[in-house]
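Everything on this sheet refers to the single structure shown next.
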Amino acid sequence: MPAAPARSKAPVIIIAAVCAVLLLGGLVLGAVGLGGYLLLRDGDGAPGPDGPAPSPGVQAPAGVAADGTALQLGSDSSLTVEVYLDYSCPHCADFSRINDEDLRMLAEDGTIDLRIHPLPMLNASSAGYSERAANAATCVHDEDPGLFWDMSTALFEAQADGPALSSEDLAETARGLGAGEETVSCITAETYLPWINEVVGPEATDRIPGTPTVYIDGEQFSGDYTVEDELLHAIVGE
């Protein structure tokens, strides 16, 4: 019986070569995919470790604190006080009425590095007043910083009419306090809404239980902010 013809090894070699190419291609694509993922996480305009980064083009105010999440008032003191507030929050209005004079004094005399986080946390329930007022305060701080405290007080006083107040109304409030046309334009254009909603709001959501919240050198103030001078004593150590 004649011997069976020897099978050619060519198909086996071809199949092995194809598999190798496919495997190599998979590894390359995997590496590219992983590299792309790393670039998306670490690159500009991409998600960071604590959530999505702001959209490209988000404009922060000139007077922003170093971490980009708050308005900075006062000096470069080593004692940092952070205040998280919402201009639609009635408790924040009480906090402001009782403590703003002390905070302003401490910031202006260089005792503290004061950082104000103007939040839109009650935006839905205030028909957008939270973010409009936060933008107005930010515009005043950016363009007419000497009027910030007066504007902040006016925004709290307007809480009752908040849902009915447009950005144009808030611009007129600023103008009445002596703000210039650049401030007025900033308010009506709602220039800082992206910064407020994409930077200030998300950072606060991850850090605070509600408003108002105060941190003194990284430690949350647990006293009663409605008691005259209690916050002041906690800050200066008396």
When segment 127-138 is examined, which residues are found to be touching a helix residue (DSSP H, G or I) at 6+ places or on another chain (Cβ under 7 Å), open to solvent by less than 10 Å² (accessible area, probe 1.4 Å) and free of Cβ contacts under 8 Å to residues at least 60 places away in the same chain?
129, 133, 136
With criteria (1) acidic (Asp, Glu); (2) farther than 28 Å from residue 194 by Cβ; (3) open to solvent by 40 Å² or more (accessible area, probe 1.4 Å), residue 102 comes up short on (3)
From 175, 207, 132, which residue is charged (D, E, K, R) and under 13 Å from residue 87 (Cβ atoms)?
132
Verdict on residue 121 being closer than 20 Å to residue 190 by Cα and open to solvent by 30 Å² or more (accessible area, probe 1.4 Å)
yes
Scanning segment 68-113 for residues that are without any contact (Cβ under 8 Å) to a residue 24 or more places away in the chain and more than 14 Å from residue 149 (Cβ to Cβ) gives 109
Enumeration of residues in segment 67-84 that are more than 19 Å from residue 99 (Cβ to Cβ) and at pLDDT 90 or above:
67, 68, 69, 78
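The values are calculated or read from the model by the stated rules, or taken from the named source; none is laboratory data. Values in this document were obtained by computation on a predicted structure and should not be read as measured data. For neighbour counting, all protein chains shown are included, and Cβ atoms are generated from backbone atoms with ideal geometry for every residue, glycine included. The protein model used for the area step is the full one, side chains on, heavy atoms only, and it has no ligands, DNA or RNA in it. Shrake-Rupley method; radii C 1.70, N 1.55, O 1.52, S 1.80 Å.
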